[in-house]
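A short write-up of the structure that comes next.
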Amino acid sequence: MLLYHAVMDDPPEWIAEFTVTPGEFSAQLDALAHWGRTPVPVGALVAHLAGRAPLPDRPVVLTFDDGFADLPGPTAEALAGRSVPATAYLTTGALTRSGGGSLLPPAPMMSLGQVPLLEQYGMEVGGHTVTHAQLDTLSGAALRSELVDSKRALEDVLGHRVDHLAYPHGYNSARVRRAARAAGYESAAAVRHALSSGLDEPYRIARLILRRSHTVRDLERWMAGEGARVAPFPDSLRTVGWRWYRRARATVRGPVFAG
């Protein structure tokens, strides 16, 4: 399961590390097809994890976080031109005209009004909270608002249920996972810098982030099951310690951008 952010030539510096160029993106899509990979949306993977449906041979899931301006244009066109389904996880507070409801730094973003266009291109739409806060540092009320309000905003503009969520920067905990389920999501994607598997956890599905330094060769190794751990696996002591530190910091500073 692959995690993309922006696909552009000249991204803002804060997201540049997690941006690939349009040329690199096209090369990666062509490579996946050459290797015989079958792209499926997150919903298909979740149905498989729940035992409801099989997956095709050699599946791969492409996901896109936040909702940068390239997504409903050249990126969606590149996917549709190759008949590649994908899933977009959108930070709803960043998709308004002012962007004032988001902790994301300034960047060219799509709009809420463009969300139905993603589905016209064949993409699945999921939630990515309202503000992109570190969910595992929030109070119960603030956490619920991030999950429920973003879900409702997307459902209002699409006219149907939104069943899938991605945690900003992958930050989650057992409490956050319970809240995601209670908010009505059927699944939630984390990051974990790992390969997902048929035994993965539906409320912290592993993903691998595409960075600007990654090449087609890196992608080839991942597709061969090399160069990354395979989920599921328990959180490391380092991950748990980092979570407690961030919680203490948020108590003093308030909600913090997850990035």
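Are any residues in region 130-146 touching a Leu at 6+ places or on another chain (Cβ under 7 Å) and not small (Gly, Ala, Ser), and if so, which ones?
Thr131, His132, Leu135, Leu143, Glu146 - these are the residues of region 130-146 that are touching a Leu at 6+ places or on another chain (Cβ under 7 Å) and not small (Gly, Ala, Ser).
Pull up region 210-226, narrow it to residues that are touching a helix residue (DSSP H, G or I) at 6+ places or on another chain (Cβ under 9 Å) and open to solvent by less than 60 Å² (accessible area, probe 1.4 Å), then point me to the one that is farthest from Thr21 (Cα to Cα).
So, considering only residues that are touching a helix residue (DSSP H, G or I) at 6+ places or on another chain (Cβ under 9 Å) and open to solvent by less than 60 Å² (accessible area, probe 1.4 Å), the one farthest from Thr21 (Cα to Cα) is Met223.
Is it the case that region 104-114 has a residue that's within 20 Å of Phe25 (Cβ to Cβ) and out of contact with any Asp or Glu (no Cβ under 9 Å at 6 or more places or on another chain)?
Scanning region 104-114, I find at least one residue that is within 20 Å of Phe25 (Cβ to Cβ) and out of contact with any Asp or Glu (no Cβ under 9 Å at 6 or more places or on another chain), so the answer is yes.
Just to verify a result, which residue in region 182-199, among those that are touching a His at 6+ places or on another chain (Cβ under 8 Å) and assigned to a loop (DSSP other than H, G, I, E, B), is surrounded by the most Cβ atoms within 10 Å (Cβ to Cβ)?
Tyr185
Counting just the residues of region 227-240 that are open to solvent by 90 Å² or more (accessible area, probe 1.4 Å) and charged (D, E, K, R), which one comes out farthest from the chain's Cα centre (by Cα)?
Among residues in region 227-240 that are open to solvent by 90 Å² or more (accessible area, probe 1.4 Å) and charged (D, E, K, R), the one farthest from the chain's Cα centre (by Cα) is Arg238.
Within region 111-132, work out how many residues are touching a residue at least 24 places away in the same chain (Cβ under 8 Å) and in a loop (DSSP other than H, G, I, E, B).
Of the residues in that region, 7 qualify.
Which is open to solvent by 50 Å² or more (accessible area, probe 1.4 Å) and under 24 Å from Leu154 (Cα atoms), of Pro54, Pro85, Pro72, Pro108?
Pro108
Under 7 Å between Cβ atoms, at least 6 apart or on separate chains: pull out the pairs that start in region 6-19 with a residue that is touching a residue at least 60 places away in the same chain (Cβ under 8 Å) and surrounded by 13 or more Cβ atoms within 10 Å (Cβ to Cβ) and end on any residue that is of a type in the set (Ser, Thr, Tyr) and part of a helix (DSSP H, G or I).
Val7/Thr75
Just give me the residues in region 216-244 being part of a loop (DSSP other than H, G, I, E, B), in contact (Cβ under 8 Å) with a residue 24 or more places away in the chain and out of contact with any strand residue (DSSP E or B) (no Cβ under 6 Å at 6 or more places or on another chain), in sequence order.
Gly225, Pro232, Phe233
Pick from Leu79, Leu62, Leu117: which is closer than 24 Å to Pro11 by Cα, modelled with pLDDT of 95 or more, more than 17 Å from the chain's Cα centre (by Cα) and not charged (D, E, K, R)?
When all the criteria are applied, what remains is Leu117.
The values are calculated or read from the model by the stated rules, or taken from the named source; none is laboratory data. All values derive from a computational prediction rather than experimental measurement. Using ideal geometry, Cβ is built from the backbone for each residue, glycine included, and neighbour counts are taken over all protein chains shown. Note: accessible area is taken over every heavy atom of the protein model, side chains too, but ligands, DNA and RNA are not part of it. Shrake-Rupley method; radii C 1.70, N 1.55, O 1.52, S 1.80 Å.
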